[in-house]
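The values are calculated or read from the model by the stated rules, or taken from the named source; none is laboratory data. Given the structure is predicted, the values throughout are model-derived calculations rather than measurements. Note that each Cβ is placed from the backbone with ideal geometry, even for glycine, and that neighbours are counted across all protein chains shown. Surface areas here come from the heavy atoms of the whole protein model, side chains and all, with no ligands, DNA or RNA. Shrake-Rupley method; radii C 1.70, N 1.55, O 1.52, S 1.80 Å.
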Amino acid sequence: MMRGRELVNRMLQALLVLLAVALPAATARAEDGYRLWLRYAPLEGPALADLTRRPLAVQIPVGGAIPDNPTIRAAADELQKGLSSLSGRQVSLMKGHDAETRADHAIIRLHCARSEIAAGGAFSIRQSSRGLDILASEPIGCLYGSFSLLRALSEGMRLSDIGRSEAPRYPLRMLNHWDNPDGSVERGYAGSSIFDWWKLPDHLDQWMIDYARANASIGINGVVVNNVNASAMMLEPRYIARLKRLADAWRPYGIRVYLSARFSAPRDIGGLETADPFDPRVAAWWKDKADEIYAAIPDFGGFLVKANSEGQPGPGDYGRTHADGANMLAHALGPRGTVIWRAFVYSEHDEADRARQAFAEFAPLDGQFADNVILQVKNGPIDFQPREPFHPLFGAMPDTRVMLETQITKEYLGFSTHLAFLAPMWKEVLDAPTGHGKTVAEAIAPAGMAGVANIGSDRNWSGSHFDQANWYAFGRLAWDPSLSAEQLAREWAAQTWSREEGFVADISAMMLGSREIVADYMTPLGLAHLMATGHHYGPAPWVCDLPRPEWNPCYYHRADRQGIGFDRTPGGSNALADYAPIAAARWADPDRMDSRYLLWFHHLPWDWTFPDGTSLWQTLVQRYDAGVAGVAQMQQVWAGHEGEIDARRHADVADFLKIQRREAQWWRDASIAYWQSLNSLPLPDGTRPPARSLGHYRALSFPEAPGN
Ligand code: GCV
């Protein structure tokens, strides 16, 4: 006969199993994207059996070097929550010596003060006689290790197979929010700003914790909360108090806060008539401001500055250099923080080539920046286009810390409705040999990576489910730039959608091809900046008459009756000369280069032929068609997996792919119609003519749908 207690145990177990079975169905119904890649969907089969062989417990050290630390608590909570969800069983939390009395449990132990592990977030996960140990020298390493363990389990790895040691490759892994204090977001396509300055500092929404947790899960350790087109108001005491509340809430997740600083703040809000960095009153104002911020936020990260760019104030207004301006701010911060100075500058006065201007202004300043200044350089020399060669400043300033700026939000890649997984684009840049003895990834090692955030108030955070993958991939690459785009796509898909191998294989392959597809239907063969001025969404290659030359798509494509492309060889703007000779050589000869960069560097006749005999015109049209076909293919792949994931998110993506399909056609037809109006060439045999006249496309205005 079964004894009473045993019977209760059996019944409890049966109930838990029932819950474990019912849970996936319940969560499937509740899916709306809010949980991002941290869904911890219940395991099945051998992975579940492995995880549930013994009851699980998480043990946090008590009475050790770090008694009760909020970061360790966050790590333990995450493990408890994640393991419970993955295993379908309640996982207990033990403190101190409890573990010794529970010999039947498998125990995940957090050791967060182990001096043999490096500082800065490194961790090691090792099998132990009792289960598994997460070792780190600081609490944040334990948190990163916990997320890493949960990621491995979420992908379907067995607990008994997991062992790894990791350390972040870069010290700075930052998000740059282009959020304005009024709640709008420059180039944001996911609703309004997530920062509720109205209610702060009195009220801190749980949202802010969920945001920090998501960032910590991928290793992000810095957040600039406001737009680089900055309002000086953000430096006022009332905003510092609000920022302090965020800093306090994010500290347990290893996130330091930064502010975009408006260079003219001493004039705007400081009562001075100047912001000249050489004026001692200006320097004193910034020093006092820094002291005020540090009094509230002792680990404040520092200032991000956009100066003398697109109308922003800067040291150039007083005849001073970027180094003069940056160093004055660096002095105000002292060893407490960092000035991140952007190299995104261009001027309407230099008509020769916008792609050369940042190099011309910054390369001569190498070695002149203070130690706590970092130069933040966009991935390419123009502006976050679907494809650009790497920026020539990478590797060219050996005596300056240079950081890579990427754009996670898809300003030039179809906003949030077009699916484009950006890891392949960032890898293209990171893996590029600069010709100065280092790849871009190596050249930025002393600084790190910044990503312009794609996060907003939309329930799914990023405006589309697939844009979450870009936030994810950015963080993971900033942690480890050697990760492949394929691995990132696979691990994100497994955690976000389904770990079923057929699904992961198809969806990751779809993701990996998606950015090339967008480049094909928007800017094939190295063309750039053909988007309509202002919003940058639809095609407008025909715009040639805007007052500033570099605002015009015509400036970038230089197409006429004879040919197309921007000549950046010695016969043209000679932008090739900004690269180290060995790098420039890769792009110097149109016959022998990667055709994906062809028209970035060369102006060629329409009848120029590729080595295989196809003309430039034929190939261009083929690329547009490949782009449109690629979207149709993505639609098919996605439709093929209907029913394998929750219906709501599946339908969301299907809707967006439908929009993308229609708009890819719009891009293709409008572009071809325009090129034909210049070159009068017939379409290659078998090619469909544009659906409507060029006049129709020219008359469309955003957000008018192209099909209407
Ligand atoms: C924040 C591009 C964008 C601007 C952005 C600028 C920058 O020009 O269109 O919206 O301004 O880059 O990076 O500073």
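Key figures for this structure:
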| read-out | value |
| --- | --- |
| Matching residues, segment 294-324, being of a type outside the set (Ser, Thr, Tyr), touching a Phe, Trp or Tyr at 6+ places or on another chain (Cβ under 9 Å) and within 16 Å of the ligand (Cβ to nearest atom) | PHE303, LEU304, VAL305, LYS306, ALA307, ASN308, GLU310, GLN312, PRO313, GLY314, HIS322 |
| Any pair with Cβ under 8 angstrom, 6 or more apart, that starts in segment 398-425 at a residue that is at positive phi and ends at one that is within 16 Å of the ligand (Cβ to nearest atom) | GLY414/MET522; GLY414/TYR537; PHE415/TYR189; PHE415/TYR537 |
| Selection within segment 431-473 - assigned to a helix (DSSP H, G or I), among the aromatic types (Phe, Trp, Tyr) and either in contact with a helix residue (DSSP H, G or I) (Cβ under 7 Å, 6 or more places away or on another chain) or within 30 Å of ALA577 (Cα to Cα) (or both) | TYR472 |
| Residue in segment 244-254 that is over 28 Å from the mean Cα position of the chain (by Cα) and at pLDDT 95 or above present | no |
| Enumeration of residues in segment 571-630 that are under 28 Å from PRO689 (Cα atoms) and among the hydroxyl-bearing types (Ser, Thr, Tyr) | SER595, TYR597, THR609, THR614, SER615, THR619, TYR624 |
| Listing of helices (runs of 4 or more DSSP H) fully contained in segment 212-310 that carry 3 or more residues being in contact (Cβ under 8 Å) with a residue 24 or more places away in the chain and surrounded by fewer than 23 Cβ atoms within 10 Å (Cβ to Cβ) | 237-250, 280-296 |
| Any hit, segment 192-204, residues being surrounded by fewer than 16 Cβ atoms within 10 Å (Cβ to Cβ) and among the basic types (Lys, Arg) | yes |
| Cross-chain or 6+ apart pairs with Cβ under 8 Å, segment 537-548 first and within 18 Å of GLY695 (Cα to Cα) and in a loop (DSSP other than H, G, I, E, B), then polar (S, T, N, Q) and open to solvent by less than 50 Å² (accessible area, probe 1.4 Å) | PRO541/SER671; VAL543/ASN552; CYS544/ASN552; ASP545/ASN552 |
| Residues being under 23 Å from ASN221 (Cα atoms) and more than 29 Å from the chain's Cα centre (by Cα) - total across segment 297-330 | 0 |
| Some residue of segment 507-519 being out of contact with any Gly (no Cβ under 9 Å at 6 or more places or on another chain) and within 30 Å of GLU361 (Cβ to Cβ) | yes |
| Which listed residue is open to solvent by less than 10 Å² (accessible area, probe 1.4 Å), closer than 22 Å to TYR189 by Cα and within 16 Å of the ligand (Cβ to nearest atom), from ALA519, ALA540 | ALA540 |
| Residue pairs meeting the criteria (Cβ under 7 Å; at least 6 apart or on separate chains; first free of Cβ contacts under 8 Å to residues at least 12 places away in the same chain and farther than 14 Å from ASP161 by Cβ, in segment 48-62; second open to solvent by 10 Å² or more (accessible area, probe 1.4 Å) and part of a loop (DSSP other than H, G, I, E, B)) | none |
| Any hit, segment 434-450, residues being within 16 Å of the ligand (Cβ to nearest atom), under 24 Å from ALA360 (Cα atoms) and touching a strand residue (DSSP E or B) at 6+ places or on another chain (Cβ under 7 Å) | yes |
| In segment 83-139, the residues that are more than 21 Å from ASN221 (Cα to Cα), without any contact (Cβ under 8 Å) to a residue 24 or more places away in the chain and aliphatic (A, V, I, L, M) | ALA103 |
| Unique match (being at pLDDT 95 or above and closer than 20 Å to LEU681 by Cα) among ASP589, ASP578, ASP567, ASP607 | ASP607 |
| Residue list for segment 530-575, filter: touching a strand residue (DSSP E or B) at 6+ places or on another chain (Cβ under 9 Å) and β-branched (Val, Ile, Thr) | ILE564 |
| Qualifying residue in segment 570-592 (condition: of a type outside the set (D, E, K, R) and more than 21 Å from PHE359 (Cα to Cα)) | yes |
| In segment 370-416, residue nearest to HIS535 (Cα to Cα) [restricted to those that are assigned to a strand (DSSP E or B), of a type in the set (Val, Ile, Thr) and within 18 Å of the chain's Cα centre (by Cα)] | THR406 |
| Some residue of segment 242-249 being away from the ligand (no atom under 16 Å from the Cβ) and within 18 Å of TRP286 (Cα to Cα) | yes |
| Count of segment 503-522 residues which are farther than 23 Å from ALA664 by Cβ and without any contact (Cβ under 8 Å) to a residue 40 or more places away in the chain | 2 |
| Some residue of segment 348-369 being of a type in the set (Gly, Ala, Ser), within 14 Å of the ligand (Cβ to nearest atom), assigned to a loop (DSSP other than H, G, I, E, B) and surrounded by fewer than 24 Cβ atoms within 10 Å (Cβ to Cβ) | no |
| Residues being within 16 Å of the ligand (Cβ to nearest atom) and open to solvent by less than 10 Å² (accessible area, probe 1.4 Å) - total across segment 131-185 | 5 |
